[in-house]
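For reference, the structure is listed below as structure tokens.
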Amino acid sequence: MPELAVSWRSVNPATWQFKLRQGVKFHNGEPFNAEAAKFTIDRLITKGVHQVYGGFATIERAEVVDPYTINVVTSKPDPDPREALRRLRRQMLPPQYLKQVDWKDFALKPVGTGPYKFVEWVKDDRVVLEANDGYWRGAPKIKKVIVAAHPGQLRAGGRADPGRGPADHQGPSRTTCAQLEKAGLLPRSSTR
């Protein structure tokens, strides 16, 4: 979430307040706002609901202050909960969309706020993404990305073949991203 926040401050030893970036939309057009951030945090801190609960164990609750302000309340003083919230940057959830689809459908047709929109997944073949022209940092110059599966990289169970690299790699390396940014093909990253 820190990327989608324009500022944050400590209200008291157990409360951090985040002012959220205005004008950010999910790929389906739904606005990203304090309600969406609260929805996401509520899901992540509900024990037994999300697999990464442990990383958010000190977060007690989220409170909407106004449409673009949220308070994150911790169970004990936390000098900087931004590190835990930084893990949320790829996990902001669109509440309205999730009221229309179940989690299985969401996993097959994800919606986010990032520079690329999900288009298609063909099992054992490819994932297709297209540029999000409404991305808050500016539209990516590369308009379509196809991530192809490489035969032999996967073995039964979806695990990576030893020596061939991880099958669940999150994306290009920092070096590749830096080269793409330098060439003007990706927006500059503020997270480095």
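The values are calculated or read from the model by the stated rules, or taken from the named source; none is laboratory data. Small disclaimer: the values here were computed from a predicted structure and weren't measured. With ideal geometry, Cβ positions are generated from the backbone for all residues, glycine too; neighbour counts draw on all protein chains shown.
Points to keep in mind about this one:
- Inter-residue pairs, beta-carbon under 6 Å, first in the same structural domain as P13 (by TED's automatic domain parsing) and hydroxyl-bearing (S, T, Y) and in segment 44-69, second at pLDDT 70 or above and surrounded by fewer than 15 Cβ atoms within 10 Å (Cβ to Cβ), 6+ apart: Y53/K47; T58/S75; Y68/Q22
- Residue, modelled with the lowest pLDDT, within segment 34-85, restricted to residues that are within 12 Å of W16 (Cβ to Cβ) and assigned to a loop (DSSP other than H, G, I, E, B): P81
- Residues of segment 95-146 satisfying the condition of being part of a loop (DSSP other than H, G, I, E, B) and farther than 29 Å from D42 by Cβ: K123, D124, D125, D133, G138, A139, P140, K141, I142, K143
- Where F106 falls short, out of the listed (1) closer than 27 Å to F39 by Cβ; (2) surrounded by 12 or more Cβ atoms within 10 Å (Cβ to Cβ); (3) modelled with pLDDT of 90 or more: (3)
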